[in-house]
Each structure stands twice: as structure tokens, then as C-alpha cells.
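To start, the structure under review is shown below, and the notes come after it.
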Amino acid sequence: MASVNIAGSLWSSLFLDQTTCPCDQEGFLVGEVATHYTSMTTDTQEKHKKEETHINVYSYFPCAGLGSFYNNKGHVNQVHLLSMLKENYKNIIGWYKFRRMTPMDISMRERSVHQSLLNCLHGVSEQTFIFGLFTQFPNGCATTHTMDYLFSVSNDNNFVPVPVNVINLGNTENSDYKLSSNSVINTSSGIYSKVLDSFRDQFFDGKGQLHSVNAIQEMNVSMQSKLLSLRQNVEISENNLQSLFTEVKELRLKAEEKRKARQALQKEKNGVCFQL
């Protein structure tokens, strides 16, 4: 099942923009959809493939007012929609609506708008195009407010809830390995990309490779050649040591044989003297 990832700063900004708006609000969610495949092998050599789909929200685009891109029946005006979104239409991953003190039920008009958006926006998938519904309830004294939300995707005209992960509000003590990135920063455009591009010449060469990587690779080649030379020297030394050990062993055997021969000769001499 797909999950929605959003940064805490963007999450709070969206809530603040909705609550400070004098009327209800609707708009579009900008981001990208990323699918990760994980292959796991058990002790019995059984392979299991796991597919994870992340809907990463980078920013949002509030509309000027309610019904600014559709009519009373929920039919979207595609020409007006594209002129309003401009370049953002390429990265639209869903839309949202904020209405105060209303139940978290998707109305027939919202269903119609969602289906009409699926038909107008090319390249979006029904399984990953999300609809976010927000509402707000004040307490009796209106001193505190309760915010409620629901993200869902359509499946054969039925809306299925999807989980929401606020990235920087998770458990920071989790030490498990991260098999995939849940980044909610758009690295291909925006201020982040401009900052990276300003330093690109300092880190990358003309072929687009990192200078430090090339230096590390050259150092690795040099280290490998040195290690190979040392291995050969050690191998020669080991062979020489083995030859010397064998030679010493043979000399000890010869010395032992000569010692035994001298002892036998000495015994024979002592025996002759005794007989005389």
C-alpha cells in the first residue's frame, strides 16, 4: 500500500494556512511518487520481493477560492486548470480541501472533482493520486481547536485511506537499517537545487564525477599495487624461510647421525682396550 510522506515544517505550514484563511480552502499537492523494490532471501534460500510506494509531498498550491477550477457538478475546466497551475501541473500528485466543522465524509461533488482531475491530468495514477480532507473543530470556549485529516485514494469509485508519515516527527532512536529514502526535499528544482548547482563546479569535474571520488579511486589503486608488491615479497620470504627450515632439519639429522657414529666408534675402542 502507498504511504504519504510530508515534512513537519510543510505539515504545520499547511495547517496554519488553512486555519488563518477566512473561509474554507482547497488546493493542490506538489511532489513525486517513488516506488522501491526490496528483495530478501531467507535461510532456506527463499526469495521474497517487497514493493513500497511513497507519495512524497514537497509543497502545496492553494487556490484563490472554492470552485475556482470546476463547476457545480464537479466537472473540471481543463484549460483554466492548466493556466492556473502553469508549470506545477507536471508535479501534481493530489489535491486537498479544508472545510470547518464538517464530518470526515467525502461528498459526491468531491468524488466527481477527483475523478475529473484524474481524466484531466495526464500521467497520474488512480492508485497514487491522493485527496486530502481537512477539518477543524473548536472547543466550547473556542480557546483550542482540534484538527482532523484524512488522505485517501480512489479505487473503483471507493476511497481507500492511506497512512501519513511526518518525516521529522518519528522516533529518532530507531537504529534499523533504512532500505529506502523517504526524502521530502525536491532535489531537482527549487532553492535546494540552486544551492547545489552553485557548488557543483567545486565538487564535480567535466565528466560529472566527484573530484574526491577520483582521488579516492587513485589512492585505492595505489594502495592495491603496494599491497600486491608486499604480498609478493612476503610470499618470497615465506618460501626462503621454508627452504632454510628444511635445510636446518637436514643438517640436524646429519649431525645426529654423526654423533651416533662417534659414540659407536668410541664404544668399540673402549671394548678393544679392555680386552688387551
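The values are calculated or read from the model by the stated rules, or taken from the named source; none is laboratory data. Note that the structure is a prediction, hence the values are computed from the model and not measured. Cβ coordinates were reconstructed from backbone atoms using ideal geometry, including for glycine residues, and neighbour counts include every protein chain displayed. These accessible areas exclude ligands, DNA and RNA; they are computed on the full protein's heavy atoms, side chains included. Shrake-Rupley method; radii C 1.70, N 1.55, O 1.52, S 1.80 Å.
Side notes on the structure shown:
- Lone qualifier among 252, 259 - being part of a helix (DSSP H, G or I), open to solvent by 100 Å² or more (accessible area, probe 1.4 Å) and basic (Lys, Arg): 252
- Scope region 213-232; condition open to solvent by 80 Å² or more (accessible area, probe 1.4 Å) and either touching a strand residue (DSSP E or B) at 6+ places or on another chain (Cβ under 6 Å) or farther than 24 Å from residue 202 by Cα (or both); matching residues: 223, 224, 226, 227, 228, 230, 231, 232
- Pairs, first over 16 Å from residue 167 (Cβ atoms) and hydrophobic (A, V, I, L, M, F, W, C) in region 45-63, second open to solvent by 50 Å² or more (accessible area, probe 1.4 Å) and at pLDDT 80 or above, C-beta under 9 Å, six or more apart: 61/88
- Out of 47, 73, 90, 97, one residue alone is basic (Lys, Arg), crowded, with 16+ Cβ neighbours inside 10 Å and on the phi < 0 side of the Ramachandran plot. It is 97.
- Subset of region 118-151 [part of a loop (DSSP other than H, G, I, E, B) and exposed (fewer than 11 other Cβ atoms within 10 Å of the Cβ)]: 122, 123, 139, 140, 141, 142, 143, 144
- The lone exception for residue 34 - which of (1) part of a strand (DSSP E or B); (2) modelled with pLDDT of 90 or more; (3) open to solvent by less than 50 Å² (accessible area, probe 1.4 Å) it fails: (2)
- Checklist (1) farther than 28 Å from residue 35 by Cα; (2) within 34 Å of the chain's Cα centre (by Cα); (3) at pLDDT below 90 applied to residue 47, failing item: (1)
- Leading residue by the ranking (nearest to residue 65 (Cα to Cα)) among those in region 117-145 that are within 33 Å of the chain's Cα centre (by Cα) and among the hydroxyl-bearing types (Ser, Thr, Tyr): 135
- Test: residue 61 is closer than 21 Å to residue 135 by Cβ and either within 18 Å of the chain's Cα centre (by Cα) or surrounded by 13 or more Cβ atoms within 10 Å (Cβ to Cβ) (or both): yes
- The set of residues from region 65-117 being part of a strand (DSSP E or B) and not hydrophobic (A, V, I, L, M, F, W, C) comprises 70, 94, 96, 97.
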